[in-house]
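Participant: Mind looking over this structure? Questions follow.
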Amino acid sequence: MNGKLILTLDGEVISEHPIKKESLTIGRKHGNEIQLNDLTVSGRHALIIAQGKHVYVEDLGSTNGTLLNGNHIKNAVLKHGDIIQTGHHQFTFLCEGQAVYEPTMFIKAELDETQMVLPDWESREQSVKGQPLAGLRTLNGPLARTVMELRKPFNTIGYQGKKLALISRGLEGYNICAVPNNQGHLTTGTPLLNGEPLSLAPQDLGTSDIINIAGFEVEFFLID
């Protein structure tokens with residue numbers, strides 16, 4: 001079974017890698033077929049193996065681990081649409097002859113940029129430790145079945161590289177609000193919360209709430 005890997009970073013497509021060899025190595029050091037300039041990626045991080053009708057992913061004892069659809073794995077068989085995460089980078093596995101890849105929703109923890117806007121980052125990061133943890137479960141599209149944990153105090157959701165919503169974690173739980181554009185107005189394609197457009201004012205999030213980003217739906221749920 002032939003296929004390819006679509007490499008993305010923060011929701012933007014970086015490159016495509018057809019699987020034409022029996023194996024492909026992923027890592028930070030020179031000599032890997034796919035080299036990533038990412039300090040959270042080990043020198044030799046993961047291995048893609050093509051055998052017969054199947055393609056496998058194997059973690060090579062990396063420091064930060066390899067995730068498949070949000071779960072740490074040692075090795076696993078890949079299915080069309082599976083998401084492999086190594087450090088900050090993601091690979092979407094596509095089987096030959098299946099639907100083409102479309103840039104999909106991304107979610108990331110805000111750090112440097114948010115620290116400039118939200119000065120209570122450090123105090124909030126300490127205060128939320130021990131509080132119930134929540135996540136987003138993707139319901140449709142190539143990322144279906146993926147679970148993304150919301151561990152950081154501030155997390156953004158976006159589409160095609162644009163930040164559209166901010167999820168905040170605090171002592172009272174989680175809330176969500178739309179991210180304004182440079183003029184302070186709502187952007188085109190405002191996300192929906194349970195079918196209603198998000199506003200710039202924070203709205204509390206509860207179990208089973210559905211967030212819609214450009215047609216991609218995720219369900220909010222409590223993990224702990």
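The values are calculated or read from the model by the stated rules, or taken from the named source; none is laboratory data. Every value quoted in this text rests on a predicted model; they were computed, and no experiment measured them. Here the Cβ is made from the backbone with ideal geometry for all residues, glycine too, and neighbour counts use every protein chain on show. Protein only, heavy atoms only, side chains kept; ligands, DNA and RNA dropped before computing areas. Shrake-Rupley method; radii C 1.70, N 1.55, O 1.52, S 1.80 Å.
Participant: Quick one: if the Förster radius is 30 Å, what FRET efficiency do residue 72 and residue 203 give, using the C-beta to C-beta distance and rounding to 0.05?
Facilitator: About 0.40, to the nearest 0.05.
Participant: Probe of 1.4 angstrom, ligands and nucleic acids ignored: what's the accessible area per residue over segment 33-83, in square angstrom?
Facilitator: It amounts to 52 Å² per residue over segment 33-83.
Participant: Need one word for segment 1-93: rounded, prolate or oblate. Basis is the Cα gyration tensor (sqrt eigenvalues a ≥ b ≥ c); a/c below 1.5 gives rounded, then a/b vs b/c decides.
Facilitator: rounded
Participant: Would you kindly find the accessible area of residue 137, with a 1.4 Å probe and non-protein molecules such as ligands, DNA and RNA excluded, rounding to the nearest 10 Å²?
Facilitator: So the heavy atoms of residue 137 present about 80 Å² to solvent.
Participant: Moving to a separate point now. Rank 54, 88, 17, 80 by accessible area, highest first, at a 1.4 Å probe radius?
Facilitator: In descending accessible area the options line up as 88, 54, 80, 17.
Participant: Here is a follow-up. Evaluate the distance, in nm, between pseudo-label points positioned 7 Å from the Cα of residue 194 and of residue 54 along their respective Cα→Cβ axes.
Facilitator: Label-label distance for residue 194 and residue 54, simple model: 4.3 nm.
Participant: Further question on the same structure: Say the cut-off is 32 Å between C-alpha atoms; which of 79/163; 21/163; 21/74; 29/152; 20/74; 29/53 go over it?
Facilitator: Going by Cα-Cα distance, 21/163 fall outside the 32 Å limit.
Participant: In sequence order, what are the phi-derived ³J(HN,Hα) couplings for segment 194-203 according to the Karplus relation 6.51 cos²θ - 1.76 cosθ + 1.60 with θ = phi - 60°, rounded to whole Hz, with x for glycine and proline?
Facilitator: Each residue of segment 194-203 in turn: 6, x, 10, x, 5, 10, 6, 7, x, 10 Hz.
Participant: Report, to the nearest whole %, how much of the accessible area of segment 1-60 belongs to carbon and sulfur atoms, 1.4 Å probe, protein only.
Facilitator: Roughly 48 percent of what the probe reaches on segment 1-60 is carbon or sulfur.
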